[in-house]
Amino acid sequence: MASHGDRLWLAAPAARWLDAFPLGNGRLGAMVLGGVERERLALNHENLWRGKTRDREVAPAAQHLPDIREALLAGRLTEGAELATTYLSGHERRVQPYQPVGDLTIRCDGHADVTDYRRTLELATGICTVSYRHGGTTYTRETFASAEHGGIVVRMAADTPGLLTATIALDRIDDPECTLHRWTDGNRFGFEGRFVEGVTFAAEARVVVQGGTCVPGAGAALEIAGADEFLLVLAMAVDYSSPDPVGQCAAQLDAVPLDFRLLREAHVAEHRALYDRVTLDLGQTPDAEALPLNERIARVRDGHDDVGLAALFFQLGRYLLMASSRHCEQPANLQGLWNEDLEPAWNADFHHDINLQMNYWPAEVCNLPECAEPLFAYLKRNIPAAAQVARNLYGCRGIYLAITGDVWNAATPEAPGWDVWTGAAAWLAEHLWWRYEYTCDDAFLHDEVYPFYRLVAEFYEDYLVRDAQGRLVPVPSQSPENSVVGGASPVTLCVGATMDLLLIRDVLTRCLQMSEQLGVDADRRAVWQGMLRALAPLQIGKFGQLQEWLEDYEEGEPGHRHVSHLIGVFPGDQMTPERLPEFYQAARVSLERRLAQGGGHTGWSRSWVIGLWARFFEAERAHEDLLHLIADWVTDSMLDLHPPQIFQIDGNFGGTAGIAEMLLQSHGGVVRLLPALPAAWSSGFVTGLRARGGLAVDMTWREGRLREVRLNSARDGVCRLAWPEDGALTCNGQYLPMCEGICEVAVEAGAHYLLQPAAAFTR
Ligand code: FUC
């Protein structure tokens, strides 16, 4: 069961969209602002994007590659970059923006003067409740996004019969690019929208009123007077993957049971089935839960810790992943599922050089694997266009994904300059690999992971070239999104960025492993082995740092928010104290330097640092950065911010993954228990985290010492565990030898194991 603390609450309505509470069922989203005289639900549908019919053809340009390479390999970076940008970079405009559907408003005239106001988001149920007293009557609104019945459900009630009077309306901001047709019919109302490019969409509400009267209002609206309560169910549809959105909404509302209790029960059961898999208790800060969320955040800003808030941040990340990426077609975009602007920052698109990946860092470890399915589907849908662009731009087989994407599966470069980067497919492939590592699902390896990796490897087989020293290097290459000092101004393109080399190494190593395991493509193995041997090595630079590029260039921005070259530490695992230890140490120097020069200056960047510190076993520094993240980079409703004040959901997900990383790590063949537990979290428990190898892990600790671990394995095997303290252990009551901090447990599928320090056992 969820702990009592899984609740966000505030004592005032949101003055801006950013401070509202997000609801979502994966497909449909609503930001609930919680207004009194005017409640606003800002509505979204995952498939509502501009640009459907835009020309995405990419003309052949591979013939220019030799000149580009010649310049870059000769160190004429500016010239090479200019040529590359001219020929390999894409369309003038960026990808097309994700759009708001519209607003559902509930106007209660005269309610300005209220007491006992409270708005709450219960993470465990996914229900947002707004309540207040006005003129001796308590008004309550409960809202949720039902995955079970596919709509947004609102119930509003007055505890004095006959005192609920409200106007409910559906509308959309003025948009010259969209025609809108509004209508009301009996107790149903809605609109149909059409963008100039042809996409159509619809929203429809069906209302049941108890007591009082209900008459049509102007446009798409109902006027309710003297009622006890009303129930509203809202449907939204877009003709993205199925036609006739108006018909879809109508059919859905015809079929929906108009019974609040039933809708609520079905929703809560479905929601809890995912949410309750993980519980986290890091202790409580006295009186903190009695404070509204904005005051708790303000106290952290003032330098006070709030351990309950860290756990809440963690669970909010899980909640947001469920809300924006379950049972749906699109992965979580830059804003997850929620956007109110016609021109959102970075189009609220899919950014492939950190942001989309970070959205999915928590999926496996935090026990929400089904929430990664939309990402996998997105990758698959992009393959045909990605193969075509690889051919046209680079003359390569395999696939190329650009630095940004949208829902039109186009894979075309559309971020001028930045899109001359070839690492996106390799980085996104890691998520397929991690799914395999967590589940050990051989069928998934065969059907999904290997075919995708095979295409990525094919690209690099054709793309890599030899430098003057005979080393295999990617050219052009980029370390997103930093630049090197050289020429007239800093330039992003060069030869052999460390991130690209790390990604290529992962691709080739895994292809070798998979092809052996699956017994396929034996003839390719010699090729991949040869490439691995010839691939340019990692380098340690003049400060003892892991170089960001093959050459020890000066960074254009030494405090850059991206730490691309550190993916080998986190979320990747090429560098650990055991594997490449000297580079692991050098990576730490790089991190220190980055932070000393102002790195970590966005929410997502700061959250990446948490995971990195956890991999360096620096509990206190990880904790410090978590507090920074909460103090500096969240809204009143604890949504992550990118400067200046832009909601960007990746920092929520990166922070959640970072917290998980502090508690449990399972890369490199060892499950590390409490590898970076800060002093502030001295006593607590976590249940339901997942570790690589098909394990579910529960842990309880007190006074900083691990007291109890429960393991459940999905398969037979041997689990190697790093216990954080010395001493003897027992497993299911039997003595368990530990050697240099590692113990081995032979696990059987479906069996449970209880591990305890032997002292605790004998007491
Ligand atoms: C990357 C970052 C920016 C921003 C954008 C959406 O390009 O460098 O900070 O997060 O994605």
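Annotation: amide H-H contacts under 5 Å for His352 (H modelled 1.01 Å from N, sequence separation of 5 or more, or interchain): Thr404, Gly405. Between 0 and 90 degrees, the angle of helix 650-663 with respect to the longest Cα principal axis of the chain falls at about 70 degrees.
Express in nm, to one decimal, how much length is gained between Arg720 and Glu624 on full extension, taking 0.36 nm for each residue of separation and deducting their alpha carbon distance.
Working: separation 96, 0.36 × 96 = 34.56 nm, distance 2.97 nm.
Value of the extension gain: 31.6 nm.
Across the chain, Cα pairs under 8 Å and at least six residues apart give a relative contact order of 12 percent. Each Lys or Arg adds one and each Asp or Glu subtracts one; over the other residues with Cβ under 14 Å from the Cβ of Gly136, this totals -2.
Candidates Leu253, Ala411, Gly217 compared by Cα position along the dipole of the chain: farthest toward the positive end lies Ala411, with charges placed on Cβ. Other residues within the sphere of radius under 9 Å centred on the Cβ of Ala220, judged by their own Cβ, net out at -1 (K and R +1, D and E -1). Applying the Karplus relation 6.51 cos²θ - 1.76 cosθ + 1.60 with θ = phi - 60° to the stretch 80-90 yields 3J(HN,Hα) values of x, 5, 5, 4, 4, 5, 5, 9, 9, 7, x Hz, where x marks Gly and Pro.
Under the convention that each Lys and Arg Cβ holds +1 and each Asp and Glu Cβ holds -1, the size of the dipole of the chain around its Cα centre is about 780 debye.
What the phi angles of the stretch 432-447 give under the Karplus curve with 6.51, -1.76 and 1.60, with θ = phi - 60°, is a coupling list of 5, 5, 4, 4, 5, 4, 6, 9, 6, 8, 5, 5, 5, 4, 5, 7 Hz, glycine and proline written as x. Among rounded, prolate and oblate, which fits the chain when a ≥ b ≥ c are the square roots of the eigenvalues of its C-alpha gyration tensor, a/c under 1.5 means rounded, and a/b larger than b/c means prolate? Taking the square roots of the gyration eigenvalues as a ≥ b ≥ c, the chain is oblate.
Taking the Cα centre of the stretch 429-522 as the origin, how large is its charge dipole in debye, to the nearest 20, when only Lys and Arg (+1) and Asp and Glu (-1) carry charge on their Cβ atoms? Don't jump to the answer; show the numbers that get you there.
Numbers: 6 positive and 15 negative charges, 89 e Å.
With only Lys, Arg, Asp and Glu charged at Cβ, the dipole is about 420 debye.
Only Lys, Arg, Asp and Glu count, each charged at its Cβ (+1, +1, -1, -1), so figure out the dipole size of the stretch 1-147 about its Cα centre, rounded to 20 debye. Each step should come with its number before you reach the end.
Details: 18 positive and 18 negative charges, 48 e Å.
Magnitude of the dipole: close to 240 debye.
Evaluating 6.51 cos²θ - 1.76 cosθ + 1.60 at θ = phi - 60° for every residue in the stretch 544-551, the Karplus couplings come out as x, 8, 5, 5, 7, 9, 4, 8 Hz, glycine and proline recorded as x. Considering helices alone, the calculated mean residue ellipticity of the chain at 222 nm is -9500 deg cm²/dmol, with DSSP H runs of length four and up weighted by -39500 (n - 2.57) and normalised per residue.
For Gly486, the residues whose amide H sits under 5 Å from its own are Val491, ignoring neighbours fewer than 5 places away on the same chain, with H placed 1.01 Å from N. Split the accessible area of the stretch 568-716 by element, probe 1.4 Å, and carbon with sulfur accounts for 49%. For the stretch 441-546, applying the loop criterion from DSSP together with a ceiling of 10 other beta carbons within 10 Å to the trypsin sites (Lys or Arg not before Pro) yields Lys542. Once the Cα atoms are used to define both axes, helix 373-394 deviates from the longest principal axis of the chain by about 50 degrees.
Other residues within the sphere of radius under 12 Å centred on the Cβ of Arg588, judged by their own Cβ, net out at +1 (K and R +1, D and E -1). Of the GluC sites (Glu not before Pro) found in the stretch 654-763, those in coil by DSSP whose Cβ has at most 15 other Cβ atoms within 10 Å are Glu703, Glu725, Glu740, Glu748.
Under 5 Å between amide hydrogens, built in the peptide plane, is the criterion, and for Phe189 it picks out Ala205 among residues at least 5 positions away or on other chains.
Please go through the stretch 523-594 and write out the GluC sites (Glu not before Pro) that DSSP classes as loop and that have at most 14 other C-beta atoms within 10 Å. Let's see the in-between values first.
Values: sites: Glu548, Glu551, Glu554, Glu555, Glu578, Glu582, Glu592; in loops: Glu548, Glu551, Glu554, Glu578.
In loop regions of the stretch 523-594 (DSSP not H, G, I, E or B), the sparsely surrounded GluC sites (Glu not before Pro) are Glu554, Glu578.
Ordering Thr439, Thr498 from largest to smallest accessible area (1.4 angstrom probe), what's the sequence? Can you show the working numbers first?
Numbers: Thr439 50, Thr498 5 Å².
The most accessible residue leads, giving Thr439, Thr498.
Ordering Gly151, Ile659, Thr700 by Cα displacement along the dipole of the chain toward the positive end leaves Thr700 in first place; charges were set at the Cβ atoms of Lys, Arg (+1) and Asp, Glu (-1).
Given a Förster distance of 56 Å, report the FRET efficiency between Ala596 and Asp228 from their Cβ-Cβ distance, rounded to the nearest 0.05. Intermediate values should be presented prior to the final figure.
Values: r = 62 Å, r/R0 = 1.11.
E(calc), rounded to 0.05, equals 0.35.
For the chain, the solvent-accessible area works out to 34 Å² per residue, with a probe of 1.4 Å and every protein chain left in place. Report the one residue of Leu72, Leu104, Thr86 whose Cα lies farthest in the direction of the positive end of the charge dipole of the stretch 64-115 (charges on C-beta: Lys and Arg +1, Asp and Glu -1; origin at the Cα centre). The residue sitting farthest along the positive end of the dipole is Leu72.
The values are calculated or read from the model by the stated rules, or taken from the named source; none is laboratory data. Note that the structure is a prediction, hence the values are computed from the model and not measured. A quick note on method: Cβ atoms are made from the backbone with ideal geometry, for glycine too, and the neighbour counts reach across all protein chains shown. Just the protein is used for accessible areas: all its heavy atoms, side chains included, with ligands, DNA and RNA removed. Shrake-Rupley method; radii C 1.70, N 1.55, O 1.52, S 1.80 Å.
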